[in-house]
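The structure under discussion appears below in the form of structure tokens.
Just so you know, all these numbers are worked out from the coordinates, no wet-lab data involved. The model shown is predicted, which means the values in this text are computed figures rather than measured ones. Virtual Cβ from ideal backbone geometry, glycine too; neighbours counted across all protein chains shown.
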Amino acid sequence: MNPLARLFTGFRARGGVHPEGRKELSAEPPIRILPLPERLYVPLHQHVGAPARLAVVVGDTVLKGQLLGASGGNISAPVHAPTSGRVVAIGDFPSPHPSGLPTATVTLSPDGRDQWIAADVPEDPFRLTPEEIANRVGAAGIVGLGGATFPSAVKLNLSRRSGITTLIINGGECEPYLTCDDRLMRERAEGIVEGIRLIAYAAGAKEMLVGIEDNKPEAIAAMRRAAQGTEVQVKVVPAMYPMGWDKQMIQVLTGREVPAEGRSAEIGVLVHNVATAWAVYQAICYGRPLVSRVVTVSGAAVVAPGNLEVPIGALAADLVKACGGLIGEPQRLVLGGPMMGTQLPHLNVPMVKGSSGLLALTGKEIGLPKPAPCIRCSTCVRACPVGLLPLEMVARIRASDLAAAVGLGLKDCIGCGSCSYVCPAHIPLVHFFNYAKGELTAQEKGKLRSEATKKLAEARQERMDRIVREREEAARQRAARKAAQEAAKKAAVEAAKTAEVA
Ligand code: SF4
Ligand code: SF4
């Protein structure tokens, strides 16, 4: 148990590790605005749920904030033009994903005027009803900006119905290298606090807590200043990984534990990220949809690391260029943090709503020694924030016994990599778990597919049987009709004969 975890709030954090932060690379320079690139590539699917439905055609001119894609369902989010300009293409473009596979994307040519669409701004946002605030948050295309990208309006509506009491704003930012939330809190604390109050009002939460790690003293001071005179409470939590994991933050701040496979709403808690609170403030108080975000550009391969406010759809290459370019060829490109981020195949991919960081790492930064056999030291067990037994799970996965690994809690693993980080034998434990979870998903999909095929076959057989039954019934009716006609004919002949005799 990490002793630091008890110093600040009185509640214990389970597991956790202390990877080298490397935050000093990007934490000090203020946020810079990325100069408008020549092209912006806005994917229609940047969130959890159904993709947005296209709302423009090639050749349309649009204003900043105008709808490019409408919400595609109950769980979905619209996407908006990040600047004013002309739609020059609609089609597939590489996605910011390890595969780099193409995804439906609107390509915009900026006109340089960066002209906003007319905004609908309420005189006093707190005179709107909670439902109206949730609707405006939904229409602004706001999703969880901590990386989860779940549509925020859906979360607000569910929270109100579940009767949540506590809103937690996660200022943890525990991933090494990332400093975008730190800078946002230092520079835009008043707006974030206003966003927090609006979220709490819309969700029906009475208590508002902001958890910030103790390695961000300037952010803590700025948020405390901004929160003065409000009911927002800024709490300091120990800097450890994965403090930014919602369940860990909830436990440390409230002492309440979210049940395995459960949701925080079940224990009366709603969690949002600081950047989401800022986006809500912009949407409600200025009528501005989510069209940009702050991204940390860092890693030893970047000439001048820092934080940039970038329009959604700017290419990773545009960000690197604005940070002075690269020193040599990076060994690895990562979207997000180094622990839970995704590897990028190249820099020709757009930034999306969930992009918190872009890292260009050198071989020295990612160098991992060769794995050795497990020495059963149980360091991985102590590090796991979920309370799992990583060494036992790996043994089951190695023996291809996925069911046993699931029995040990494989599905609860959040893939944080804390176990791999501390393992003295350098066993890539988290890679085993990610692989096994992928296998399970494939197996479950296969099972669903074969069940669907079986149902289709049964439905077909039923249809064929019905056709045969209907044909037989039709033949029976034809025969009955024929017999009746013949009987009638015979009766008519008999009747005619009788009439003749008479
Ligand atoms: S930390 Fe590594 S060596 Fe130690 S028990 Fe876990 S897997 Fe084995
Ligand atoms: S990757 Fe999974 S098993 Fe390893 S520490 Fe994180 S939650 Fe625990």
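Legend note: in the chain, cysteines whose Cβ sits 4.7 Å or more from every other cysteine Cβ are C174, C180, C285, C323, C374, C377, C384, C413, C416, C423.
Sorting the segments 126-133, 252-259 by their mean number of nearby beta carbons within 10 angstrom, highest to lowest, gives 252-259, 126-133. Just want the answer: with Cβ charges of +1 for Lys and Arg and -1 for Asp and Glu, which residue in M339, Y421, L408 is farthest toward the dipole's positive end in the range 335-492? So the residue furthest toward the plus end is L408.
Going from the residue with the fewest nearby Cβ atoms within 10 Å to the one with the most, R396, R478 rank R478, R396. Only Cα pairs under 8 Å and 6+ residues apart enter the sum, and on that basis the relative contact order of the chain stands at 17 percent.
In the chain, the C-alpha radius of gyration followed by the widest Cα-Cα span (Dmax) gives 30.1, 124 angstrom.
Sorted by average packing, counted as other Cβ atoms within 10 angstrom per residue and highest first, what order do 172-185, 328-341 take?
On the way: 172-185: 26.9, 328-341: 19.5.
Peptide ranking by packing, descending: 172-185, 328-341.
The modelled label-to-label distance for the pair V88/A457, using points 7 Å beyond Cα in the direction of Cβ, is 5.3 nm.
Please work out how much length the chain gains when fully extended from Y435 to H18, using 0.36 nm per residue of separation minus the C-alpha to C-alpha distance, in nm with one decimal.
On the way: separation 417, 0.36 × 417 = 150.12 nm, distance 2.47 nm.
Going from the current span to full extension adds 147.6 nm.
When +1 charges are put on Lys and Arg Cβ atoms and -1 charges on Asp and Glu Cβ atoms, the dipole computed for the chain relative to its Cα centre reaches about 1420 debye. Length available on full extension from R478 to H426: 0.36 nm per residue minus the Cα-Cα distance, which gives 10.7 nm. Averaging the Cα positions of each part gives two centres, and for the range 322-379 and the range 38-75 these lie 29 Å apart. A cut-off of 5 Å between modelled amide H atoms, ignoring neighbours fewer than 5 places along the same chain, links K64 with S84, Q115, W116, I117.
Here the residues R136, R398, ranked from fewest to most Cβ neighbours within 10 Å of their Cβ, fall in the order R398, R136. With only the Cα atoms considered, the range 27-158 has a convex hull volume of 153 Å³ per residue. The range 186-259 and the range 107-153 have Cα centres separated by 22 Å. Here, P(r) means the percent of Cα pairs in each 10 Å bin from 0 to the largest distance; for the range 42-93 it is 28, 54, 18. Computed packing ranks the peptides 224-233, 446-455 as 224-233, 446-455, most packed first, by mean other Cβ atoms within 10 Å. Within a straight-line Cα-Cα reach of under 18 Å, K216 can be paired with the following lysines, leaving aside sequence neighbours fewer than 8 residues apart in one chain: K23, K235. Which residue, chosen from L184, S159, G446, occupies the Cα position most advanced towards the positive end of the dipole of the chain, where the dipole is computed from +1 (Lys, Arg) and -1 (Asp, Glu) charges on Cβ about the Cα centre? My answer, from the dipole projection, is G446. In summary, the lysines within cross-link reach of K454, defined as a Cα separation below 27 angstrom excluding same-chain residues under 8 places away, comprise K437, K445.
Counting other Cβ atoms within 10 Å as a rough exposure proxy, the listed residues C285, C419 run C285, C419 from fewest neighbours to most. Taken as Cα centroids, the range 414-469 and the range 268-294 sit 35 Å apart, rounded to the nearest whole angstrom. Multiplying each eigenvalue of the alpha-carbon gyration tensor of the range 200-353 by 5 and taking the square root yields semi-axes of 32, 19, 16 Å, largest first, rounded to whole angstroms.
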